[in-house]
């Protein structure tokens, strides 16, 4: 059945493992849990980094200026898309910011939180009104991907907003058409609707007649000012200068957003790492106990092999191979199970820890999975090497007569 | 709950999805009891449990689907939980079928307890 010697040895190792399926299963489950947690942890880490990189790249701004005290809300809106609305005086702040050395462009945005729809599950959305004449975040994307600006009744939606191109979307009594959809970023932008600032003003005006609740946006006010810096400009220095010249504002750098996400990620990992380490310890103990028991059971068998001329290495190779196989299979099951369970509860985990997430590229995921499987297999081989080495030190006659 | 224009409230469809799931879960628990009390029926019961597990998966996906908004509580907790519980139930049912077939083939007698 096993013509190839390597396959033959593998088949033998597999049969040996199946001799006591209950014992093997216990160790397999232990390895599986460790590998699954490690894979999910790695996936979360890489996925969060990927989402932050993609999200900040799409945002395209080096600095964001918001009213003092609104930085926390902006972070939640940027990362999770939780609707928020705050306003500050716009024109003077814009003029001041544009006059600062190192500022390449500054563009205002108006945030509006939609009313909850009475229909099931439409939920709250965040509308962002941009100024097409100065915008450097949405407009370049539209020109590149859509080849045109948005029509007055069109909106650009984040990837998670329901509907297809042309579908009607009603906000504060005004109906818009879905003009285009952005690629996923894993950040709050996926839950955001972009529309020209002019459309927001009109919607606010009409909301007094058409909406259940009127939209009040103070005239001349904005929610945030997005700032792009000149090449080589010092973001921290420009942020400090904006804070000094424009009173009552908070300046957030792209680095602040990434740092804040990293802190939230550290919080999640601080819960995950002790669990993984505890399970790893249990799995190691199980592995050691299992392979010491197997080594004890096979002492005579190995003694006979040695007496018939097999080298010490040859006689215990099967034992180490069994451990490698068990570790590898456990790792494979862990990667599959961990990936599947994480996939199911991904949204709940990310919402609980206010983390953005975007699956890393397939190649990166495959590499991570392969690393976990190889580490599990290598760990198994290393643990089994200990009882195997003890066996090789026994003289053949000692092994044969051992009780 | 959804508030209607007249001010009343009515349950969202995920409420009914959860109720249907609870019904199937109760059936699985009853099947477990039946398999314990009537060991001879074990294989058939295991097969029925496999079907019930599939039903547990199909309820939130297709039979009484939850809404399309990924951020709603039903999609964050109930749906993944139902899929996981359904998957485990299907596997447990299949293991039961295969294991009992092996035992039957070996002529092992089954007794209550």
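Of all residues in the range A:136-153, none satisfies being over 27 Å from residue A:247 (Cβ atoms) and within 14 Å of chain B (Cβ to nearest Cβ).
This table checks each residue for (1) surrounded by fewer than 19 Cβ atoms within 10 Å (Cβ to Cβ); (2) at pLDDT 90 or above; (3) within 14 Å of chain A (Cβ to nearest Cβ).
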position	(1), (2), (3)
B:3	yes, no, yes
B:9	yes, no, yes
B:16	yes, yes, yes
B:22	yes, yes, no
B:44	yes, yes, no
B:60	no, yes, yes
B:63	yes, yes, no
B:70	yes, no, yes
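Go over the candidates A:125, A:182 one by one and state the one that is touching a residue at least 60 places away in the same chain (Cβ under 8 Å) and within 14 Å of chain B (Cβ to nearest Cβ). Result: A:125 is the single residue among A:125, A:182 that is touching a residue at least 60 places away in the same chain (Cβ under 8 Å) and within 14 Å of chain B (Cβ to nearest Cβ).
Against the conditions (1) more than 14 Å from chain B (Cβ to nearest Cβ); (2) surrounded by 21 or more Cβ atoms within 10 Å (Cβ to Cβ), residue A:174 satisfies every one except (2).
One residue is enough: does the range A:204-215 have a residue meeting the conditions outside any helix (DSSP H, G or I) and within 20 Å of residue A:152 (Cβ to Cβ)? Scanning the range A:204-215 turns up at least one residue that is outside any helix (DSSP H, G or I) and within 20 Å of residue A:152 (Cβ to Cβ).
Residue-wise test of (1) surrounded by 13 or more Cβ atoms within 10 Å (Cβ to Cβ); (2) under 23 Å from the mean Cα position of the chain (by Cα).
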| residue | (1), (2) |
| --- | --- |
| A:247 | no, no |
| A:251 | yes, no |
| A:254 | yes, yes |
| A:258 | yes, yes |
| A:265 | yes, yes |
| A:270 | no, yes |
| A:276 | yes, yes |
| A:286 | yes, no |
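Only one of the numbered conditions (1) farther than 19 Å from residue B:20 by Cβ; (2) touching a helix residue (DSSP H, G or I) at 6+ places or on another chain (Cβ under 6 Å); (3) outside any helix (DSSP H, G or I) is violated by residue B:100, and that is (3).
So for the range A:201-218 (the condition being modelled with pLDDT of 90 or more and within 34 Å of the chain's Cα centre (by Cα)), does at least one residue qualify? The answer is no, given that none of the residues of the range A:201-218 is modelled with pLDDT of 90 or more and within 34 Å of the chain's Cα centre (by Cα).
Please determine whether any residue of the range A:257-269 is outside any strand (DSSP E or B) and touching a strand residue (DSSP E or B) at 6+ places or on another chain (Cβ under 7 Å). So far as the range A:257-269 goes, no, none of its residues is outside any strand (DSSP E or B) and touching a strand residue (DSSP E or B) at 6+ places or on another chain (Cβ under 7 Å).
Go over the candidates A:37, A:76 one by one and state the one that is over 30 Å from residue A:297 (Cβ atoms), under 30 Å from the mean Cα position of the chain (by Cα) and not assigned by TED's automatic domain parsing to the domain that holds residue A:376. Exactly one residue qualifies, and that residue is A:76.
Let's see how each residue does on (1) within 14 Å of another protein chain (Cβ to nearest Cβ); (2) crowded, with 16+ Cβ neighbours inside 10 Å; (3) free of Cβ contacts under 8 Å to residues at least 60 places away in the same chain:
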{"site": "A:302", "(1), (2), (3)": "no, yes, no"}
{"site": "A:314", "(1), (2), (3)": "no, no, yes"}
{"site": "A:334", "(1), (2), (3)": "no, yes, no"}
{"site": "A:340", "(1), (2), (3)": "yes, no, yes"}
{"site": "A:352", "(1), (2), (3)": "yes, no, yes"}
{"site": "A:360", "(1), (2), (3)": "no, yes, no"}
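State whether one or more residues within the range B:73-90 are in a helix (DSSP H, G or I), modelled with pLDDT of 95 or more, more than 30 Å from residue A:160 (Cα to Cα) and within 14 Å of another protein chain (Cβ to nearest Cβ). Yes. Criterion applied to A:347, A:364 was being assigned to a helix (DSSP H, G or I), under 29 Å from residue A:54 (Cβ atoms) and at pLDDT below 90, and the one residue passing it is A:347.
Going by what's in this entry, would residue B:110 be described as farther than 20 Å from residue B:20 by Cβ, modelled with pLDDT under 95, within 14 Å of chain A (Cβ to nearest Cβ) and over 14 Å from the mean Cα position of the chain (by Cα)? When the stated conditions are applied, residue B:110 does not pass them. Take residue B:56 and decide whether it is over 13 Å from the mean Cα position of the chain (by Cα) and buried (at least 17 other Cβ atoms within 10 Å of the Cβ). It is false that residue B:56 is over 13 Å from the mean Cα position of the chain (by Cα) and buried (at least 17 other Cβ atoms within 10 Å of the Cβ).
Kindly indicate whether residue A:185 is in a loop (DSSP other than H, G, I, E, B) and more than 24 Å from residue B:75 (Cβ to Cβ). So residue A:185 does not fit the description; no.
Among the residues making up the range A:128-150, those that are at pLDDT 90 or above and out of contact with any helix residue (DSSP H, G or I) (no Cβ under 7 Å at 6 or more places or on another chain) are A:128, A:133, A:134, A:135, A:136.
The values are calculated or read from the model by the stated rules, or taken from the named source; none is laboratory data. Computed from a predicted model, the values in this text were never measured in an experiment. Positions of Cβ are generated from backbone atoms using ideal geometry, with glycine treated the same way; all protein chains shown enter the neighbour counts.
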